[in-house]
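Take a look at the structure below.
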2 protein chains.
Amino acid sequence: MLTLATIREAHARIRDSIVRTPVLSNDSLDADAHASLFFKCESFQKIGAFKARGATNAVFLLSDEEARNGVVTHSSGNHAAAVARAAKLRGIPAYVVMPHTVPQAKLQNVRNLGARIELCEPTLAAREAAAQRVIAETGATLVHPFNDYRVMAGQGTATLELLEEQPDLDLILCPIGGGGLISGTAVAAKGLKPGIQIIGVEPAGADDAYRSFKSGAIVPVTPANTIADGLRGTLLDKTFGVIRENVDDVVTVSETAIVQAMRSIWETLKIVVEPSAAVSYAAIVEKKVDVTGRRVGLIVTGGNLDLDSLPWTSAEVL
Amino acid sequence: MLTLATIREAHARIRDSIVRTPVLSNDSLDADAHASLFFKCESFQKIGAFKARGATNAVFLLSDEEARNGVVTHSSGNHAAAVARAAKLRGIPAYVVMPHTVPQAKLQNVRNLGARIELCEPTLAAREAAAQRVIAETGATLVHPFNDYRVMAGQGTATLELLEEQPDLDLILCPIGGGGLISGTAVAAKGLKPGIQIIGVEPAGADDAYRSFKSGAIVPVTPANTIADGLRGTLLDKTFGVIRENVDDVVTVSETAIVQAMRSIWETLKIVVEPSAAVSYAAIVEKKVDVTGRRVGLIVTGGNLDLDSLPWTSAEVL
């Protein structure tokens, strides 16, 4: 179950192990939007992304008996680093299944956090099979990147902090990948402030959540085509259930708007954010949500990306 | 005169018109340096640089009679924007002399802040002549970018905030261009904490302050050759006098170290900083200062740069 209470408990559990990230505002972005914008900067979170919250909560919640055998996950991104770090904090083994095609830098980063890497073929089936093999061999517990109420509760803690600092928000815009972050966000926000509006934002090139939300049933997975690589995940049963109950709307944004929003955030807020982190602001840039005169929270999800290939230096996107 | 008292008065004067910028730390940068590093992030300051502090103090200090005729400066960088903004806050005219070669974006930025632009030939002589002409015609007061105790006092306010937050620093590293920032930094820090060490950092390709400091006399200006365009200024009488009295040492850093430091700051602290802002950390990267086991403050001066031409995408520097 995911409730305001479980999110508050998660916050008490992980608070000393994560960063209380800053909330940034900017006069010029406010003037452009005719609104008051509050950016909750999870790019400053441990491991550079909000994923530290959910993974830490899930790992800290294990019983000592479960924990002894360690944790396993399959991910090549921020969740892998988050699980590795949380396991290290608890002093237990972490096994991370990664496709052998993963960039060396990401692999080394997770290894530096003390995880044991299991390489596999770059397919979902191979990843799941490898994770099952690890579980069979070690008794490790799977920490899913999003379809897990403990993980969702951890992700929701960012919104507790945001609303503590800015209690009068009218609306929160939140990216959707697999839906773990927006699930925690929506339940935390509606629990604290029933009248608040929660809108999910998805790249048009990976719009499974949009289509699932509008149709009322999880749509089949289609190949994602977006620069926002953190948002290529698709909803699963638990996140879809929470989103249907608690999210007011889902909108999509174009690749051009994502890149433009990302660049505006870099230039104006002076922070490094990854493409996935810019989609909330992209919804404002592209006027997909009417924010006029409103007080709007935006979850900025992370700041991990390759500085050698920035989207505005490649002609293909713009 | 520049004293702890004038810096404190400056802070009271400008506090409501500037940003109290955050101080960031990072475990991984600390581990690399074997030290505790505290980055005072003036990249988050109004107009994106510490220059907002000094210009605001100088403009607010004018008598009503002086203020009526406005202020003038010659600069194509952050100081121009800072003077324009301060004049706008006070409701007085600002005249900014800029070379006609200045990029349109910078010109438009200053114009958007309400300043009147006077274009001139791109030489120091032409800039000074144009400023003198404005003064003769309008009675405006010159706000020099650094050789002015009111400006230096304003720049020193960043260090009041830094030491309020981190009172136990052993050392502060500060970039040197014309010397306004380090003058305020050193007087504020030594006033609060006589035992603290202040070390200035300069690009080796614009090392006039290093040579002046070591020789005891202002060295003649030579053409600067560095990516750190904010540090191409040279010391003048007032800044040189304060630096001789209050700064413990000056070191130089290579272009490679500046770019490497800038990239580390972007990748690890997740903030956008300009090359000039990275030289303090470059001194640690290049081991020009022994920081082992020490608590070190670093002034990160600004975050304004062209995202289309980042140094690590050009082969010439690395």
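The values are calculated or read from the model by the stated rules, or taken from the named source; none is laboratory data. Since this is a predicted model, take the numbers as computed values, not measurements. Positions of Cβ are generated from backbone atoms using ideal geometry, with glycine treated the same way; all protein chains shown enter the neighbour counts. Just so you know, the surface numbers come from the protein's heavy atoms only, side chains and all, with ligands and any DNA or RNA stripped out. Shrake-Rupley method; radii C 1.70, N 1.55, O 1.52, S 1.80 Å.
Tabulated data
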item	result
Helices (runs of 4 or more DSSP H) fully within region B:25-94 counting 2 or more residues that are within 28 Å of A:Ser28 (Cβ to Cβ)	B:51-61, B:78-90
Given (1) within 23 Å of B:Lys238 (Cβ to Cβ); (2) touching a helix residue (DSSP H, G or I) at 6+ places or on another chain (Cβ under 7 Å); (3) surrounded by fewer than 17 Cβ atoms within 10 Å (Cβ to Cβ), number of the condition B:Gly114 does not satisfy	(1)
Among (1) open to solvent by 60 Å² or more (accessible area, probe 1.4 Å); (2) assigned by TED's automatic domain parsing to the domain that holds A:Ile284 - the single one A:Phe44 does not satisfy	(1)
Residue among A:Val143, A:Val151, A:Val201, A:Val187 that alone is under 15 Å from A:Arg53 (Cβ atoms), touching a strand residue (DSSP E or B) at 6+ places or on another chain (Cβ under 6 Å) and touching a residue at least 40 places away in the same chain (Cβ under 8 Å)	A:Val143
Yes/no for B:Val221 being surrounded by fewer than 22 Cβ atoms within 10 Å (Cβ to Cβ) and not polar (S, T, N, Q)	yes
Enumeration of residues in region A:24-41 that are within 13 Å of chain B (Cβ to nearest Cβ) and either buried (at least 24 other Cβ atoms within 10 Å of the Cβ) or small (Gly, Ala, Ser) (or both)	A:Ser25, A:Ser28, A:Ala31, A:Phe39, A:Cys41
Subset of region B:282-318 [in a strand (DSSP E or B), crowded, with 19+ Cβ neighbours inside 10 Å and either in contact with a Pro (Cβ under 6 Å, 6 or more places away or on another chain) or away from chain A (no Cβ under 14 Å) (or both)]	B:Val296, B:Gly297, B:Leu298, B:Ile299
Yes/no for B:Ala261 being closer than 28 Å to B:Val110 by Cα and touching a residue at least 24 places away in the same chain (Cβ under 8 Å)	no
Region B:230-246, residues that are touching a strand residue (DSSP E or B) at 6+ places or on another chain (Cβ under 8 Å) and buried (at least 24 other Cβ atoms within 10 Å of the Cβ)	B:Gly230, B:Leu231
Number of the exception - A:Ala136 against (1) part of a strand (DSSP E or B); (2) exposed (fewer than 15 other Cβ atoms within 10 Å of the Cβ)	(1)
Conditions (1) in contact with a Lys or Arg (Cβ under 9 Å, 6 or more places away or on another chain); (2) part of a helix (DSSP H, G or I); (3) of a type in the set (Val, Ile, Thr); (4) open to solvent by less than 10 Å² (accessible area, probe 1.4 Å): number failed by B:Thr21	(2)
Residues located in region A:235-261, provided they are within 14 Å of chain B (Cβ to nearest Cβ) and in a loop (DSSP other than H, G, I, E, B)	none
Hey, B:Ser264 within 14 Å of chain A (Cβ to nearest Cβ), modelled with pLDDT of 95 or more and in a helix (DSSP H, G or I) or not	yes
Test: A:Lys270 is open to solvent by less than 40 Å² (accessible area, probe 1.4 Å) and among the basic types (Lys, Arg)	yes
Lone qualifier among A:Val253, A:Val279 - being open to solvent by less than 10 Å² (accessible area, probe 1.4 Å), closer than 15 Å to A:Leu37 by Cα and touching a residue at least 40 places away in the same chain (Cβ under 8 Å)	A:Val279
Lone qualifier among B:Leu107, B:Leu162 - being open to solvent by less than 40 Å² (accessible area, probe 1.4 Å), in a helix (DSSP H, G or I), out of contact with any Leu (no Cβ under 7 Å at 6 or more places or on another chain) and at pLDDT below 95	B:Leu107
Which listed residue, of A:Val59, A:Val97, is touching a His at 6+ places or on another chain (Cβ under 6 Å) and open to solvent by less than 10 Å² (accessible area, probe 1.4 Å)	A:Val97
